[in-house]
Amino acid sequence: MTINDDIRKQVRQRANFACEFCGVTETDAGSELTVDHYQPRAKGGDDSLENLLYCCPRCNQYKLDYWPTQPDDPLLWNPRRESASQHFLELDDGTLHPLTTVGAFTLKRLRLNRPPLVAYRLRKRQQAEEIRLLTRYREIVLLLERLNTQLSDLMEEQHQLLGEEWELLRLLLRHKEY
Ligand SMILES: [Zn+2]
């Protein structure tokens, strides 16, 4: 590999420190990931940034130096050029469903439904749901606080009106006495 530290840093940052195929982050993996050539060097790929991907060791291991050489050979998804949503649909159970032939091939080749990845996606979904619920909870607390303030203002107003009512009644009764 002739990838220097500077290029490596650029590839890592560009990928937000996560595998561009499966989404696992350095934090999740507990270590830095690998820099992979989308088109393998052995198959004519170069070291340009355009051809480099940040990739977890497992995806890298399954990908190996795959590159289509025959017209009928399937293409592997290029996460730098196309978004995941173009090729995969994430189901509620955390598995990916292919939407294209590229998606189907990549899913199979990189084993993107391997059990730890499915568990990982489920955990991400749960975290997103927890954040959604917490945000809603905070909104409701703020709303209740606002309603309480309005309620105490109204009670104060009611108290004043009752006082005024009592005063008017007292004056009316005094008039009647004359
Ligand atoms: Zn990966």
**Request:** Please work out which residue is nearest to LEU76 (Cα to Cα), limiting yourself to region 108-133 and to residues that are among the hydrophobic types (A, V, I, L, M, F, W, C) and surrounded by 14 or more Cβ atoms within 10 Å (Cβ to Cβ).
**Result:** LEU110
**Asked** If we only count strands (runs of 3 or more DSSP E) wholly inside region 1-116, which ones have 3 or more residues that are within 16 Å of the ligand (Cβ to nearest atom) and of a type in the set (A, V, I, L, M, F, W, C)?
**Response** 52-55
**Request:** Considering every residue within region 99-109, establish whether at least one is at positive phi and aliphatic (A, V, I, L, M).
**Result:** no
**Message:** I need every pair where a residue in region 51-70 that is touching a residue at least 40 places away in the same chain (Cβ under 8 Å) and within 23 Å of GLN13 (Cα to Cα) has its Cβ under 6 Å from the Cβ of a residue that is within 15 Å of the ligand (Cβ to nearest atom) and in a helix (DSSP H, G or I), sequence separation at least 6 or different chains.
**Reply:** LEU52/VAL11; TYR54/VAL11; TYR54/ARG12
**Request:** Determine if region 37-51 includes at least one residue that is under 27 Å from LEU122 (Cα atoms) and not hydroxyl-bearing (Ser, Thr, Tyr).
**Result:** no
**Request:** Might you let me know whether region 53-61 holds any residue that is surrounded by fewer than 19 Cβ atoms within 10 Å (Cβ to Cβ), at pLDDT below 95 and of a type outside the set (Val, Ile, Thr)?
**Result:** no
**Asked** List pairs: first in region 15-26 and closer than 19 Å to PRO98 by Cα and touching a residue at least 60 places away in the same chain (Cβ under 8 Å), second more than 8 Å from the ligand (Cβ to nearest atom) and hydroxyl-bearing (Ser, Thr, Tyr), Cβ under 6 Å, 6+ apart or cross-chain?
**Response** GLU20/TYR54
**Asked** Just wondering, is there one or more residues in region 104-123 that are without any contact (Cβ under 8 Å) to a residue 60 or more places away in the chain, of a type in the set (Phe, Trp, Tyr) and touching a strand residue (DSSP E or B) at 6+ places or on another chain (Cβ under 7 Å)?
**Response** no
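The values are calculated or read from the model by the stated rules, or taken from the named source; none is laboratory data. Keep in mind the model is a prediction, meaning the values are calculated, not measured. Don't worry about glycine lacking a Cβ; one is built from the backbone with ideal geometry, like all the others, and counts go over all protein chains shown.
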